[in-house]
Amino acid sequence: MAARRRRDGFVPDFDPAFGDRPLADAVHDIVIGRWQGVRDLLRATGADWPLRTHRLRLLAHAAAGSSAVEAWRAAEPGSPDAEVLRAATEVVRVFHQAIESGRRAALDQERLDATVLACLRAADAEPDDPMPWVSLLTVARLYETGVSRRELRGWWDELRRRDPHNIEGHVQLLRYHSARWHGTHGRMYDFARDAAGAAPPGSPLPVLVQIARVEEYRHVTEGATGPAPVRDFGRHWHHELAVTEVRRTWDRWIGGRGRGPAAPEEMGELNYLTHAACYAGLADEARQLFGLLGRQAARVPWSYTGPAPDEFMRWRAQVRATS
């Protein structure tokens, strides 16, 4: 593998911005305590909801460890973009708190409720933006018994009114329905397959089925004890239905998206589909997907099946060797 790496000079880039240079610059601004670049970036992004959602997610993760978003709100208290970013940032912070205390272990109900209120204020400040509703669907997982069906359905309907094919919102609701959180494998797969079946050609939503397969794998392997593989789980990635569904996602998403390079906001989901194609034994599809990815790699889902750089490089070399 090292020889292969030296020979073609390829090194994957795990930049979470996926090559979005203006986004990377705004993240750097947050790191050094400036918020003006973030304001200008979101203003320039406008109503490109897939790109805006991608950018807000990464900005929120960067802002969670700083006071940049609070400084922005203090300087421009009427800014809707600042409210939307602040709500997304609060969601990241409360997830960090959950991780520190043990997932779902005795989280402060008032803290969760305050985060929900921040999201609702953001929704009022920026009525057309789907991101506050994505944030709500995300934080819903942290309630010990989830949220009521009525409330969850209301948040979901509000998201879909604004952006019916919002991939991040679908991913968050899929995780809510998973066995790792407030549902079952069956509910999760039903949701993923229903959304995939209703997606228009060229939409990334069919990859929800592959994301569901990763979520199931995580749930089973995290519950296993000892170094031995999980019993009867060896064909999880490449039994007949798994392979068929990878092909179906390929046809509906990649076959319908047209030619041209992949955008930064597609890269996360493309990594899921590439991982699935590799493990399903679909070398032709995987080779073309690696071509779309170029150097843009995501740690998830590769890190669930081994060290992410090694996994990415190993499979890339393997499928290229079959051409």
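The values are calculated or read from the model by the stated rules, or taken from the named source; none is laboratory data. These numbers come from a predicted model, not from an experiment. Neighbour counts run over all protein chains shown; Cβ positions are idealised from the backbone, glycine included. With ligands, DNA and RNA removed, areas are computed over all heavy atoms of the protein, side chains included. Shrake-Rupley method; radii C 1.70, N 1.55, O 1.52, S 1.80 Å.
Is one or more of the residues making up the stretch 81-93 touching a Lys or Arg at 6+ places or on another chain (Cβ under 9 Å), part of a helix (DSSP H, G or I), small (Gly, Ala, Ser) and closer than 21 Å to Arg141 by Cβ?
Within the stretch 81-93 (the criterion being touching a Lys or Arg at 6+ places or on another chain (Cβ under 9 Å), part of a helix (DSSP H, G or I), small (Gly, Ala, Ser) and closer than 21 Å to Arg141 by Cβ), the answer is yes, since at least one residue qualifies.
When you go through (1) under 25 Å from Ala26 (Cβ atoms); (2) open to solvent by 30 Å² or more (accessible area, probe 1.4 Å) one by one for Glu100, which number turns out not to apply?
(1)
What number of residues within the stretch 239-252 are in a loop (DSSP other than H, G, I, E, B) and within 23 Å of the chain's Cα centre (by Cα)?
Residues meeting the conditions: 0.
If you take the residues of the stretch 305-323 that are buried (at least 19 other Cβ atoms within 10 Å of the Cβ) and among the aliphatic types (A, V, I, L, M), which of them is nearest to His238 (Cα to Cα)?
Val319
Taking the stated definitions as given, is Glu151 over 22 Å from Pro80 (Cα atoms), part of a loop (DSSP other than H, G, I, E, B), open to solvent by 40 Å² or more (accessible area, probe 1.4 Å) and without any contact (Cβ under 8 Å) to a residue 60 or more places away in the chain?
When the stated conditions are applied, Glu151 does not pass them.
Just to be sure, is Trp302 open to solvent by less than 10 Å² (accessible area, probe 1.4 Å) and in contact with a His (Cβ under 8 Å, 6 or more places away or on another chain)?
yes
Name the pairs: first residue in the stretch 186-199 and closer than 18 Å to Arg252 by Cα and among the hydroxyl-bearing types (Ser, Thr, Tyr), second residue surrounded by 15 or more Cβ atoms within 10 Å (Cβ to Cβ) and modelled with pLDDT of 95 or more, Cβ to Cβ under 6 Å, at least 6 apart or on different chains?
Tyr189/Ala212
Quick check on the stretch 174-189: of everything there that is under 16 Å from Val209 (Cβ atoms) and part of a helix (DSSP H, G or I), which residue is farthest from the chain's Cα centre (by Cα)?
The residue in question is Gly186.
So if I check each of Asp113, Asp124, Asp163, Asp129, which one is within 18 Å of Glu90 (Cα to Cα), out of contact with any Leu (no Cβ under 8 Å at 6 or more places or on another chain) and buried (at least 19 other Cβ atoms within 10 Å of the Cβ)?
Asp129
Taking the stated definitions as given, is Arg213 out of contact with any His (no Cβ under 9 Å at 6 or more places or on another chain) and buried (at least 16 other Cβ atoms within 10 Å of the Cβ)?
no
For the stretch 256-282, enumerate the residues that are within 21 Å of His238 (Cβ to Cβ) and open to solvent by 30 Å² or more (accessible area, probe 1.4 Å). Don't jump to the end; show me each part of the working.
Filtering the stretch 256-282 down to residues within 21 Å of His238 (Cβ to Cβ) leaves 269-282.
Tyr279, Gly281 - these are the residues of the stretch 256-282 that are within 21 Å of His238 (Cβ to Cβ) and open to solvent by 30 Å² or more (accessible area, probe 1.4 Å).
Looking at (1) open to solvent by less than 40 Å² (accessible area, probe 1.4 Å); (2) in a helix (DSSP H, G or I); (3) modelled with pLDDT of 95 or more, which is the one condition that is false for Gly197?
(1)
Failed condition for Tyr176, given (1) open to solvent by 20 Å² or more (accessible area, probe 1.4 Å); (2) without any contact (Cβ under 8 Å) to a residue 40 or more places away in the chain; (3) more than 22 Å from Leu59 (Cα to Cα), with all others met?
(1) is the only condition that Tyr176 fails.
So which pairs qualify, if the first residue must be in the stretch 252-265 and of a type in the set (Lys, Arg), the second must be open to solvent by less than 40 Å² (accessible area, probe 1.4 Å), the Cβ gap must be under 6 Å, and the two must be at least 6 apart or on different chains?
Qualifying pairs under 6 Å: Arg252/Pro206; Arg257/Gly202.
Is at least one residue of the stretch 69-80 under 21 Å from Leu159 (Cα atoms) and open to solvent by 30 Å² or more (accessible area, probe 1.4 Å)?
The answer is yes; a qualifying residue exists.
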